[in-house]
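The values are calculated or read from the model by the stated rules, or taken from the named source; none is laboratory data. In this text, all values refer to a predicted model and were calculated from it rather than measured experimentally. Here the Cβ positions follow ideal geometry from the backbone for every residue, glycine too, while neighbour counts run over all protein chains shown. Ligands, DNA and RNA are excluded from the accessible area calculation, which covers all protein heavy atoms including side chains. Shrake-Rupley method; radii C 1.70, N 1.55, O 1.52, S 1.80 Å.
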Number of protein chains: 2
Amino acid sequence: MKTIRSYVAGGWAEGAGKAQTLVNPATEEPVAEVAAGPVDWGRVVAHARTRGGEALRALTFGERGQLVKALSKLIHAHRDELIALAIANGGNTRGDAKFDIDGAAGTLAAYGEVGINLGKVKFLVDGEAAQLTRSVRFVGQHIAVPRQGVAVHINAFNFPAWGMMEKAAVALLAGVPVITKPATSTALVAARMMELVVEAKILPEGALSFVAGGVGDLLSHLEGQDVLAFTGSSDTAQMLRGQKDVVAQSVRVNVEADSLNAAVLGRDLARDSEGYALFVADVLRDMTQKAGQKCTAIRRVLVPDDMVEAVREDLSERLGAVKIGDPAREEVGMGPVATKKQQEDVRAGIARLREEADSVFGGDGSVAEAIGVPKGKGFFVSPVLLQLRDGKTATRVHAHEVFGPVSTIIPYSGEAKDAVDLVARGGGGLVSSVYSDDRRFLGEMAFGLAPHHGRLFLGSSKLAGHAVGPGTVLPQLVHGGPGRAGGGEELGSLRGLAFYLQRTAIAGDKPILEALFGNKPDDAA
Amino acid sequence: MKTIRSYVAGGWAEGAGKAQTLVNPATEEPVAEVAAGPVDWGRVVAHARTRGGEALRALTFGERGQLVKALSKLIHAHRDELIALAIANGGNTRGDAKFDIDGAAGTLAAYGEVGINLGKVKFLVDGEAAQLTRSVRFVGQHIAVPRQGVAVHINAFNFPAWGMMEKAAVALLAGVPVITKPATSTALVAARMMELVVEAKILPEGALSFVAGGVGDLLSHLEGQDVLAFTGSSDTAQMLRGQKDVVAQSVRVNVEADSLNAAVLGRDLARDSEGYALFVADVLRDMTQKAGQKCTAIRRVLVPDDMVEAVREDLSERLGAVKIGDPAREEVGMGPVATKKQQEDVRAGIARLREEADSVFGGDGSVAEAIGVPKGKGFFVSPVLLQLRDGKTATRVHAHEVFGPVSTIIPYSGEAKDAVDLVARGGGGLVSSVYSDDRRFLGEMAFGLAPHHGRLFLGSSKLAGHAVGPGTVLPQLVHGGPGRAGGGEELGSLRGLAFYLQRTAIAGDKPILEALFGNKPDDAA
């Protein structure tokens, strides 16, 4: 059986502790072992910071863009192999696996292009020079340069490929070396990607380190030039963000955590409209894709009171057609959740929501028989559609994210202000979506929801067939959200680089600043 | 004697606790009492968030700009009165007081103009719309809208006017209500400004609250839409940033803390050059202005080995001419530090630095006689110029900020890379300055120092007489710095607004997005 090791300080490494066994969540058969992590974290960090950082900063943004683009090609060239691993270790259907792996390759490709377009520069110019006093000589210019630290990336179990590479793409392009840690339970895809990167020798030594197992006292070695980006649960986020050394050293932290993403149906959309069909398709996809284990998945479905019955019928009918079982089988539409622990959490979450909602599809989430799986095996949960009994007083649906194939219908008046109020009760989210052909309604919703979200999706009839749904994170748009969602921001094309760069205002004599930062910045650097 | 009270939830308030006495730091005579803070912090926060927030968000950026501009005029109209209070309670000379109060009015004026130029809009457009997939219909547009929370501002004792108003200017312009808390010891100026604001009825009810005394459990009422901005010591910053509720709610935090700002003299500047004179004048000003109590003051003075004697002579001569005493007297060039505690800390800091440096001016900081002050009274410290015994091995000078009229000469080789290495040992700073007419040297220094600073000042001979020194924070340029400096960022014209706004990516059908966010955003909002 394969053993997953760390790649740190220029070589594969493992510690003395006990190995953990990874299983296929559909069959519970072992698929790999994860060795204990390295011991000397000070050395790991120093190697990345010094060797990796110096090598990356010696390159221009354009040259780093080429590296990132090469990573994209590498992932794409091994697509089938990686898909097979995602199916075996992630409970992914082939479609789920493609979503993850193509997402990784696509984000790398997009950031490769961003870098190539930035070209032969080693720093970015931020805005125009500003005259600072009455004298025309005294001006200020903002620039942005790579931070001289490491980026520690702690990723979630649900997107081992995309999660690792979307963060790495931005950091590497910015010129900051990465120490990446996948969630252990689904680490097989990430580990194989790391092997490919090491074998292909695309990146300079130290630019990308990979941690299998725990992170030990890694965080205690971080300093003021380092950054920490985390995707996962609020509880872990709080623990990381509150770490003594992280706080004391002003380590920059970006968190992407829980989110009770909403989809709001406008009352103008007739049941036979394309906008309505888009809404149903998006909710269905978010409930079943990756068995609902997406941080962007729709958890709350706001439906005008008089349309609830229709939506419930249409979603239930579609959910009933989804086949559950071993995702290695072609006819299966939804696999298991990733771990036993996830299965237990999701089932408990369903029970909690049922205190204020009725289950209108899927009951308590139990699965009597999973296709192609021995009886009793696998971490399966049925899609469960709930409907709130009292939309005005319910609280759990706005506070508790059930990270599985579970959504709750929340009846509302059809008025934008009521929908905004209900969605806002979620306390901040990554993305919400609104479906309507009424521009006035879309506008009210967009401005009402914007303060509470990092991203919004406005679905309309003419958009059907042209858009990817709200659950897809795109490199051009920021990803993250306020409050419960962690208060972070990633991606968004050039915007995502800011986390890894230091913005500096430089004041001085106009001709000198023009010579340094003006026409030919690449010569000056 | 005047009693300073809180202005919260629409009225002046005080709690049941014991009042604290404020003194004139030159004479130690009482000047005011500060009443205990309010009790019901939940109500204080709710009032600001709801009444203040709704009122501010009902206005356009242009209208809020007018409010901020009106605040500037109000402060300016009461300039003489405020200067007198700063002299009486802050140990400020008239020049020190003007620096603080004109800084407040100037920053308000600058942000007023920023708002007025933004005009009749309720949201900001961030970048251009981006096509998201192969379809030309599906596009994304980033916008920024006011966060729907409160901004808690906790300010430092050294700039009661500027500190309060530079933060308030940006938050109010962004549409976010402010709860501001001055440092208690020098609260007189801030309290009077608050009275003026309340009397003038410029701001909507709830837009600006003022806390005298402690903040009680204020922070435990903060939520995901709220922000917390702090200026002060690293220790307090860590305590605030690590607060359970602040972490749990993903409250945005901005910190501006310690900084070992450096001034680097280039070896090309002859002793009779204007660039050299600018360097000496800037160091002298930063040592004595506000008795060295500026977060931007020069603490480390890097001088090429063969120029050390000249710099030491020139600075000592100038320092010797500075008269110390009651800052109410015109001939006095430097007043006391703000409190007994500060005096003790500064004296202890000097002793600590003397473990690795020789005192070349000012001895241990004791002042035998202060002009116009009864013997033994007042929190005076002499300017102290130190010189490192061994520039290569010293550590305290790079780690310990002495917040008073104290700077240390650090001899260096004259090579840019050596200077960069020494300055970087400070672990991140707010601002450093470089003095040279050699563009190559300035360029090497600028790019070398940029990752470690929020701001740099490049002084050159032709700039003499045209620039304000590195110690002056300007509204056009960002203020803050990585690592030890707290990792924050404020001001910088439009850049400063980002902390108070939520950036949201909105994806949808191109014609709909154009209608909502395109040509006439103010009509759509």
Based on the inverse mean of 1/r over its pairs of different Cα atoms, what is the Kirkwood hydrodynamic radius of the protein assembly as shown, in Å? 30.1 Å
About its Cα centre, how strong a charge dipole does segment A:262-474 have in debye, to the nearest 20, once Lys and Arg get +1 and Asp and Glu get -1 at the Cβ? 780 debye
Between B:Thr3 and B:Glu113, what is the FRET efficiency for a Förster distance of 41 Å, r being their Cβ-Cβ separation, to the nearest 0.05? 0.65
Roughly how many whole Å is it from the C-alpha centroid of segment B:452-525 to that of segment B:147-172? 16 Å
R0 of 35 Å, Cβ-Cβ distance A:Thr236-A:Glu81: FRET efficiency to nearest 0.05: 0.70
Selection from A:Leu260, A:Ser316, A:Ala105, by position along the positive dipole direction of chain A (Cβ): A:Ala105
At 7 Å along Cα-to-Cβ for each site, give me the label-to-label distance between A:Glu54 and B:Ala58 in nm. 6.2 nm
Segment A:113-172: trypsin sites (Lys or Arg not before Pro) in DSSP loop, at most 12 other beta carbons within 10 Å: A:Arg134
Taking DSSP loops as anything outside H, G, I, E and B, show the longest stretch in chain A free of GluC sites (Glu not before Pro) there with at most 12 other beta carbons within 10 Å. A:1-329
Through the Karplus equation 6.51 cos²θ - 1.76 cosθ + 1.60, θ set to phi - 60°, convert the phi angles of segment A:485-494 into ³J(HN,Hα) values in whole Hz; use x for Gly and Pro. 6, x, x, x, 7, 10, 6, x, 6, 4
Where both residues lie in segment A:262-474, what percent of DSSP beta bridges are antiparallel, nearest 5? 15 percent
Any chance you could get the radius of gyration and Dmax over the Cα atoms of chain A, in Å? 23.9, 81
Using the Kirkwood radius over Cα pairs of segment A:262-474, the Stokes-Einstein translational diffusion coefficient at 37 °C and 0.692 mPa s, in µm²/s and rounded to a whole number, is 191 µm²/s
From the gyration tensor of the Cα coordinates in segment A:367-525, what semi-axes in whole Å does the equivalent ellipsoid have, largest first, with each one equal to sqrt(5λ)? 42, 23, 16
Gap separating the Cα centres of segment A:74-137 and segment B:227-272, nearest whole Å: 31 Å
Taking A:Lys375 as the anchor, which lysines have their alpha carbon closer than 18 Å to its alpha carbon, excluding any fewer than eight residues away along the same chain? A:Lys323, A:Lys340
Nearest-0.05 FRET efficiency for A:Asp245 and A:Glu344 at R0 = 35 Å, using Cβ-Cβ distance, is 0.60
Once every DSSP H run of n ≥ 4 in the protein assembly as shown is given -39500 (n - 2.57) and the sum is divided by its residues, what mean residue ellipticity at 222 nm do you get, rounded to the nearest 500 deg cm²/dmol? -10500 deg cm²/dmol
Under a Cβ-Cβ cut-off of 13 Å, what is the net charge of the residues other than B:Phe441 that fall near it, where Lys and Arg count +1 and Asp and Glu count -1? -2
Among the aspartates and glutamates, which have Cα under 16 Å from the Cα of B:Lys69 when same-chain residues fewer than 8 positions away are ignored? B:Asp102, B:Glu113, B:Glu166
Test assert for segment B:453-478: residues whose accessible surface shrinks by at least 40 Å² between chain alone and all chains, 1.4 Å probe, equal B:Leu456, B:Leu458, B:Lys462, B:Leu463, B:His466, B:Gln476, B:Leu477
Go through B:Lys290/B:Lys377; B:Lys290/B:Lys462; A:Lys294/A:Lys417 and tell me which ones have a Cα-Cα distance over 23 Å in this structure. B:Lys290/B:Lys462; A:Lys294/A:Lys417
Can you give the accessible area buried between chains A and B, summed over both chains, with a 1.4 Å probe, in Å² to the nearest 100? 6000 Å²
Looking at segment A:294-383, what % of the alpha carbon pairs are farther apart than 24 Å? 24 percent
Ordered by number, the residues of segment A:92-136 that have at least 40 Å² less accessible area in the complete protein assembly than on their own chain alone (1.4 Å probe) are A:Leu132
What do you get when you divide the Cα radius of gyration of segment A:421-496 by 2.2 N^0.38 Å, with N the number of residues? 1.11
Taking the Cα-to-Cβ direction at B:Ser413 and at B:Lys323 and moving 7 Å from each Cα, how far apart do the two end points lie in nm? 4.7 nm
Dividing the alpha-carbon radius of gyration of segment A:137-221 by 2.2 N^0.38 Å (N being the number of residues), what value is obtained? 1.30
For the protein assembly as shown, what proportion of DSSP beta bridges, expressed in % and rounded to the nearest 5, is antiparallel? 40 percent
For B:Phe457, what residues show an amide H to amide H distance below 5 Å, using hydrogens built from the backbone and excluding near sequence neighbours? A:Ala507, B:Ser432, B:Ser433, B:Val434
Based on alpha-carbon centroids, what's the gap between segment B:360-399 and segment A:23-63 in Å, whole number please? 49 Å
What are the equivalent ellipsoid semi-axes of segment B:66-135, built from the alpha-carbon gyration tensor (square roots of five times its eigenvalues), in whole angstrom, biggest first? 41, 14, 7
So what is the relative contact order of segment A:262-474, in percent, for Cα pairs below 8 Å that sit 6 or more residues apart? 29 percent
Run the accessible area of chain A with a 1.4 Å probe and give the carbon-and-sulfur part as a rounded percent. 49 percent
Determine the relative contact order of chain B: mean sequence separation of Cα pairs under 8 Å and six or more apart, normalised by residue count, in whole percent. 18 percent
Of all the C-alpha pairs in segment A:82-204, what % are more than 25 Å from each other? 38 percent
Heavy-atom accessible area per residue - segment B:262-474, 1.4 Å, Å²: 36 Å²
